[in-house]
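A short worksheet on the structure shown next.
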Amino acid sequence: MVDIVRKSRAEVGRFGYSCSMKIGYARVSTSGQNLDRQIASLRDEGCETIFRETASGKSITGRPQLERAIDQLGSKDVLIVAEWDRATRSMMDGIQIMQRVAQRGAMIKVLDKPHLDLTTPIGKGLLGLLSAIAEDERQRIAKRSGEGRRAAKARGVKMGAPSKLSDHQRRKALARLEAGETCSEIGRDMGVHR
């Protein structure tokens, strides 16, 4: 659900920073929870549009209204989040959200976490630091994964999905292929894809 409240540009500018539009996001986990407090905070902050949803926070997917809010952002717009733990559940997910917003030329302000106000120089520096931490973690994961694959191959571990055909079936398939049958025919008969 989306609330749209039109504000004058003078009223939008009264909050201490220049922006084109303020877009709010609020979420609760269950229908038994209430969005009123978050919505009130976003309205007090001057949000022109408020995206709200009821969705479990266990999954980092399944937040279509957050996706819509980010997609609405233009240059110099501000995504205002009432409560950071409602927008994200992990540090990496939070960093990715911040990076996506920054790539759109927009900023984030989190009402319950003043240090995540990316409309300030300190907040922008924090984004740089968190982005560097995320990049370092991605590189370490890639390095460990590569080392693990190389070590497994050295021990003779076969990588990839296990073969669906036995050695006997593979020899039989190759003989049929050499006899002129197509891969599709052989695969269909043996119950495997090309």
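Some notes on this structure:
- Carbon + sulfur, % of accessible area of the chain - ligands and nucleic acids excluded, 1.4 Å: 53
- In summary, the lysines within cross-link reach of residue 76, defined as a Cα separation below 22 angstrom excluding same-chain residues under 8 places away, comprise 7, 22, 109, 113, 124.
- Rolling a 1.4 Å probe over the protein heavy atoms leaves residue 56 with an accessible area of roughly 60 Å².
- Folded to 0 to 90 degrees: helix 91-103 orientation relative to the chain principal axis, Cα: 70
- Accessible surface, the chain, averaged per residue in Å² (probe 1.4 Å): 61
- The chain - percent relative contact order, Cα under 8 Å, separation 6 or more: 16
- At 1.567 mPa s and 4 °C, Stokes diffusion of region 92-138 via Kirkwood alpha-carbon radius, µm² per second: 122
- Over the C-alpha trace of the chain, radius of gyration and Dmax come out as 25.8, 81 angstrom.
- Under a 5 Å amide H cut-off, with hydrogens placed 1.01 Å from N, residue 77 pairs with 20, 21, 107 among residues at least 5 apart or on other chains.
- For the set 133, 95, solvent exposure ranked by accessible area (probe 1.4 Å, protein chains only) runs largest to smallest as 133, 95.
- Lysines with Cα under 25 Å of residue 172, excluding same-chain neighbours fewer than 8 positions away: 158, 164
- Area of residue 21 that stays accessible when all protein chains are in place (1.4 Å probe, Å², to 10): 40
- Amide H partners (placed H, <5 Å) of residue 110, local residues excluded: 81, 116, 117, 118
- Peptide packing: for 63-71, 32-40, the average count of neighbouring Cβ atoms within 10 Å per residue gives the ranking 63-71, 32-40, highest mean first.
The values are calculated or read from the model by the stated rules, or taken from the named source; none is laboratory data. Note that the coordinates shown come from a computational prediction; the quantities given were computed from them, not determined experimentally. Note: ideal-geometry Cβ built from the backbone for every residue, glycine included; neighbour counts use all protein chains shown. The accessibility values were calculated without ligands, DNA or RNA, using every heavy atom of the protein model including side chains. Shrake-Rupley method; radii C 1.70, N 1.55, O 1.52, S 1.80 Å.
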